[in-house]
Amino acid sequence: MAVDYRKFFLITETDRKLPLIMDTVGFENEQQPTLREEGFPCFHWLQTTQGSGDIQMGNITVKLNENQGILMPASIRHEYRASGSVWSTWYLTFDGVLASSIVHALELPLMTLLSWGPDTPLASIHEDFYEKYRYSYDFTGMNGSLEVYQFLTLLKKHGYVNRAASFSQSHQRLLPLLIRLEECYAQSDVGLSWMSDLLCVSPQHVNNLFRKAFGISPYQYLLHLRLQKSKEILIAEPHSTVKQIAEATGFLDASHFISTFRKSVGMTPDFFRNRYKERDY
C-alpha cells in the first residue's frame, strides 16, 4: 500500500517547450482541508483512493468517492475537505504548451466528476506512482511528458461521466460487431439495422457506442473500413481494376468508389497505387 509522498519538479526553460510537463504528483493517506483562493496555476487532477471528500469550485460542489476524480483547469478557486473520518487522495498537476489542446482533443471534461471501475489501472495508479517514486524514477523532461500523456489516455479510456459507458466499455461492447465487420464489410445489407440486430440493441444505442468508442458514426466507421480494405487490395493486387476493387469492397460502383476515395485520401485510387509503386520498400 502506498504511503504519503509528494514530488515537486524543477521546470527548466527547455521543459517549457514540451507538449506536457509534470508539475507535482503526490498521495495523502489523510487529506487535510485545503483552500486555494486563486486556484492552481496549471491543470490539477484530484482523485479519491479511500473514503470520500467534498470539493467546491465556485458554485459547484461535488463529492468524490472511491474510484472517482475531477480535473480542474488553472486558476479556478477551489477548496476541499474530508466528508467522513478518512479521505485518501492522489493528485497530479501538469502544464505544457499543448496541455489545453491535448485535454480538449481527448474530450476530457473539466470540473466534472469522473468515475472508473475498481479493476482498471486508475484504481491503483497511486501505488504505481509510489513504486516509481521509491526507486527515484525520473519524472522530468520527456519522461514526465510521457507519464502525463499516458495518464490522460487512461482517463479517456476508463473514465466515464455518470452512468455513461467509458471508451473501453464501449469498445468491448462493440467487439463482436467489429470482428464480424472484418468479414462482412463488403455486403450490401450491412448497415445500421444489420449492426443493431447483430448486437441485439437499438440503432440509437449502436450509434452511441460508436461515437463513444471512436468519435464517429457507424456509417463513417464502415466507410473507413471499406476504404482501408480498398487500399490493401490496390497494393496487393496490382492487376485488379478499379471496378473490381469497388465491387469487392462494397461500393455502389466504380464512380462512387473513385469520388469517395478522392475525397478521403486526396487522390484517385490509380494515383494512390502508382504512388505506392514508386516508393522503395
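The values are calculated or read from the model by the stated rules, or taken from the named source; none is laboratory data. Predicted model only: the values in this text are computed from it and were never measured. Cβ sites come from the backbone with ideal geometry, for glycine too, and all protein chains shown count toward neighbours. SASA here: full protein model, heavy atoms, side chains in, ligands and nucleic acids out. Shrake-Rupley method; radii C 1.70, N 1.55, O 1.52, S 1.80 Å.
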Exercise. FRET efficiency for residue 256 and residue 128, Cβ-Cβ distance as r, R0 = 35 Å, nearest 0.05?
Worked result: 0.10
Exercise. Label-point separation (nm) for residue 6 and residue 59, each offset 7 Å from Cα along Cα-to-Cβ?
Worked result: 3.3
For this session: For the stretch 30-104, run through the GluC sites (Glu not before Pro) and keep only the ones in DSSP coil with at most 16 other Cβ atoms within 10 Å of their Cβ.
Result: 30, 37, 38, 66
For this session: For the stretch 17-112, run through the trypsin sites (Lys or Arg not before Pro) and keep only the ones in DSSP coil with at most 14 other Cβ atoms within 10 Å of their Cβ.
Result: 77
Seminar exercise, completed: Per GNM of the chain with C-alpha springs under 10 angstrom, the most fluctuating residue out of 241, 49, 249 is 241
Exercise. Taking the stretch 94-185, which trypsin sites (Lys or Arg not before Pro) meet the DSSP loop condition and have no more than 10 other C-beta atoms within 10 Å?
Worked result: 163
For this session: For residue 36 and residue 14, calculate 0.36 nm times their separation in residues minus their Cα-Cα distance, and state this gained length in nm to one decimal.
Result: 5.1 nm
Exercise. Can you list the residues, at least 5 places off or on another chain, whose amide H is less than 5 Å from the amide H of residue 49, using H built in the peptide plane?
Worked result: 88, 89, 90
Exercise. To the nearest 0.05, how large is the calculated FRET efficiency for residue 162 and residue 183 if R₀ is 45 Å and r is the Cβ-Cβ distance?
Worked result: 0.80
For this session: Set Lys and Arg Cβ to +1 and Asp and Glu Cβ to -1, take the dipole of the stretch 34-174 about its Cα centre, and tell me which of 170, 93, 152 lies farthest positive.
Result: 170
Exercise. With the dipole of the chain worked out from charges on the C-beta (+1 for Lys and Arg, -1 for Asp and Glu) around the Cα centre, which of 241, 47, 207 lies farthest toward the positive end?
Worked result: 241
For this session: Could you order 239, 126, 171, 104 by accessible surface area, starting with the largest, using a probe radius of 1.4 Å?
Result: 239, 104, 171, 126
For this session: Could you do me a favour and compute the accessible area per residue for the chain, 1.4 Å probe, result in Å²?
Result: 54
Exercise. Where does the chain land at 222 nm, in deg cm²/dmol rounded to the nearest 500, when only DSSP H runs of n ≥ 4 count, each adding -39500 (n - 2.57), divided by all residues?
Worked result: -13500 deg cm²/dmol
Seminar exercise, completed: With a 1.4 angstrom probe the carbon and sulfur portion of accessible area for the chain, in percent, totals 51
